[in-house]
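Undergrad: Quick one: structure below, then a few questions.
Each value in this text was obtained by applying a stated rule to the coordinates, not by laboratory testing. Every value quoted in this text rests on a predicted model; they were computed, and no experiment measured them. Every residue, glycine among them, receives a Cβ derived from its backbone with ideal geometry; neighbour counts consider all protein chains shown.
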Amino acid sequence: MTAIPTLALSIGWGTTLAIKTLIILAIIPLGALILGYVFLLKMMSHMQSRLGPMDPGGFHGWYQLVGDGLKFLQKEDIMPAQSDRRVFAAAPAVVVLSTFLVFLVIPVGPDLVDKSLNVGVFYALAVSSLSVIGVLMAGWASANKYALLGALRAAAQLIAYELPLLLAVVGVVIQAGTLSLQGIVLSQQHGAIFGFGGLGQPFILTQFFGFALFLVAAQAELTQTPFDMPVAESELVAGYMVEYTGFRFLFFFIGEFGTAFGFAAIAATLFLGGWALPGVHGTWADILGPGVLFIKLMAVAFLMFWVRFTYPRLREDQLQALAWKVLIPLGLANILLTGVFKVAF
Amino acid sequence: MWEQQVAFWVLAVAMAAAAIGVVRSRNIVHAALFLVVVLAGAAAQYILLAAEFVAWVQVLIYIGAVVVLFLFGIMLTRAPMHDDAGALDNDQRWGGLVVALFVLGVLIALLVNAFGGKKIHFSNALVSLGRTSHVGTDIFRVFVVPFEVVSMLLLAALVGAVVLARKD
């Protein structure tokens, strides 16, 4: 699907596969770095009056991220003596693999999608759940109490919040009538608000509850504040990552922010119309699509990080109660309402 | 067709090796991780059979939830760091072998009787059979009674677990 018909590109499937793999491999660290730079270093510094990251290199501390990267690369690779070496080494790779697989189905234009799957959004949520295995592996293989407790918290949290995440998406799927992400974008592009079709119909208007649920659940899936108990530094030092240094830690960092980038892209695709821009069709949509999706996903990511930098951490029991007693019933109610409206209209 | 054959055998050998790893491993966490490989192989086999939706259900439920729950349970209770062959071994291994061979025989007989000689022809019709909409229609139109019975069974198990866990 990558080939743009109007440009009459014809390349073999082997080359296509290699190009697609390279693009995805480049997007994950790039997305992670963009989020890390724009939000973690700049936005947080402004919001919390942190002067450090604003200083190195002159203009708004542009050199900070480069310096951090170089620092990670030259750190010693330490493995605890009691650790399970193979599992310890494989854990960061499992987390990044799960991030990598999520990106395969996100469409960035009418013809630009790495793998257009019929079950797109379901696939994305299924593979994103694989990262829990990596987290549990890391926590256990570290042979460290804090790491093990962090991993247990992460597993309990990720299982609890996967349900509201899936339930939030079901409303969109019912309205669009398809699981394919490309189909969901097209259905929003061709929709109409009370008969006015000029803007299409982004699902955030009809699925606002779904959008809110998705953002809260995604925040918990990403273990970001206020749901960052698995890495709570005042209780567990750094949770399951506590024994990881240098390059292996960088893998976890890239996995975390890369997944945040992926979830923001999925939220933008499901609720904000994805790559679609009103009045843009055909080849222009292919050319502008990636940029449009990027702007929309940065808007979603801004919301997620705004919450991250503003709210204090929940307690473990409050976190579980929120998922099971509030979010899941709300998600089920949202599905019921959407179903009634779908049948009635 | 030969691509499917090659993929099947590669996956089958990897799955069998990992399955042996599950029972041979001297560390229960390693056994659970080997199980991930077996289940992922099963998901890949579903994709080979053009059952895309079932494949990702397999990933989400079995790898993303069931094995995670196994690991969670192991780590919450014991989390053994070192090989503990004694705790994982069982002196009834010969009895176990007999049961395993019996189950193998029953399964082979069942599969050969039910599907022996049948061949899957890959076509667009087969792909559309694996589509989510088709699976959904089948469950809620054709198999709605078994579906409801299974949900009642699961609900009963859930209520039972809550009753057993709550002492007050």
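Undergrad: Within 10 Å of each Cβ in peptide B:26-33, how many partner chain Cβ atoms are there on average? Round it to a whole number, please.
TA: 3
Undergrad: Given a Förster radius of 22 Å and the C-beta distance between A:M54 and A:A26 as r, what FRET efficiency does 1/(1 + (r/R0)^6) yield to the nearest 0.05?
TA: Approximately 0.20, to the nearest 0.05.
Undergrad: In square nanometres and to one decimal, what's the mean projected area of the convex hull around the Cα atoms of chain A?
TA: Working: hull surface 76.2 nm².
Answer in nm², one decimal: 19.1.
Undergrad: Per-residue mean of other chain beta-carbon atoms within 10 angstrom of the beta-carbon, peptide A:119-125? Intermediate results must be reported in sequence, preceding the final value.
TA: Values: counts 10, 0, 0, 7, 6, 1, 4.
Going residue by residue through A:119-125 and averaging, the value is 4.
Undergrad: Also, quick follow-up: Using θ = phi - 60° and the Karplus curve 6.51 cos²θ - 1.76 cosθ + 1.60, what whole-Hz ³J(HN,Hα) does each residue of the range A:161-176 get, with Gly and Pro shown as x?
TA: 8, 5, 5, x, 4, 5, 5, 5, 6, 4, x, 4, 5, 4, 5, 7
Undergrad: Taking a cut-off of 29 Å between Cα atoms, list the lysines near A:K75, but don't count ones fewer than 8 places away on the same chain.
TA: Of all the lysines, those that pass the test against A:K75 - Cα under 29 Å, at least 8 places apart if same chain - are A:K42, A:K145.
Undergrad: Spelling out what I want: for every residue of the range A:76-83, take phi, set θ = phi - 60°, compute 6.51 cos²θ - 1.76 cosθ + 1.60 (Karplus), and round to whole Hz; glycine and proline get x.
TA: These are the phi-based 3J(HN,Hα) values: 5, 8, 9, 10, x, 4, 7, 6 Hz.
Undergrad: Nearest 10 degrees, 0 to 90: what angle lies between the long axis of helix B:28-48 and the longest principal axis of chain B (Cα atoms)?
TA: Helix B:28-48 sits roughly 0 degrees off the main axis of chain B.
Undergrad: Using a 10 Å cut-off around each Cβ of peptide A:135-145, what is the average number of partner chain Cβ atoms that fall inside?
TA: 3
Undergrad: Pick out, from A:L327, A:V38, B:F102, the residue whose Cα sits farthest towards the positive end of the charge dipole of the protein assembly as shown, with +1 on the Cβ of Lys and Arg and -1 on the Cβ of Asp and Glu.
TA: Towards the positive end, the residue furthest out is B:F102.
Undergrad: Once you list every other residue whose beta carbon is under 14 Å from the beta carbon of B:F53, what net charge do they have if Lys and Arg are +1 and Asp and Glu are -1? Numbers along the way, then the final one.
TA: Details: positive: B:R131; negative: B:E52, B:D138.
With Lys, Arg at +1 and Asp, Glu at -1, the net is -1.
Undergrad: Going toward the positive end of the dipole of the protein assembly as shown, with +1 on Lys and Arg Cβ and -1 on Asp and Glu Cβ, which of A:L336, A:P312, A:L158 do you reach last?
TA: Positive-most Cα among the choices belongs to A:L336.
Undergrad: Show me the three semi-axes of the equivalent ellipsoid for the range B:2-93, from the C-alpha gyration tensor (sqrt of 5 times each eigenvalue), largest first, rounded to whole Å.
TA: In descending order, the three semi-axes are 28, 17, 8 Å.
Undergrad: Hey, another quick one. Which angle between 0 and 90 degrees, to the nearest 10, do you get for helix A:246-271 versus the longest principal axis of chain A when only C-alpha atoms count?
TA: 20 degrees
Undergrad: Now for a different question. Assigning unit charges at the beta carbon (Lys, Arg +1; Asp, Glu -1) and nothing else, what dipole magnitude in debye, to the nearest 20, does the range A:79-344 show about its Cα centre? Walk me through the numbers before you get to the answer.
TA: Working: 12 positive and 13 negative charges, 32 e Å.
Approximately 160 debye in magnitude.
Undergrad: Same structure, new question: Once both labels are modelled 7 Å past Cα along the beta-carbon direction, what's the A:V38-B:V159 spacing in nm?
TA: About 5.1 nm, to one decimal.
Undergrad: Here's another thing I want to ask about it. To the nearest 20 debye, what is the magnitude of the charge dipole of the protein assembly as shown about its Cα centre, counting +1 on the Cβ of each Lys and Arg and -1 on the Cβ of each Asp and Glu?
TA: Here the size comes out at about 320 debye.
Undergrad: With 28 Å as the cut-off, how large is the P(r) tail for chain B, expressed as percent of Cα-Cα pairs?
TA: On the way: 5965 of 14028 pairs.
Cα-Cα pairs of chain B separated by over 28 Å account for 43 percent.
Undergrad: Got a sec to turn the phi values of the range A:20-33 into Karplus ³J(HN,Hα) couplings, 6.51 cos²θ - 1.76 cosθ + 1.60 with θ = phi - 60°, whole Hz, x for Gly and Pro?
TA: Ordered by residue, 3J(HN,Hα) equals 4, 4, 4, 4, 5, 4, 7, 5, 5, x, 4, x, 4, 5 Hz.
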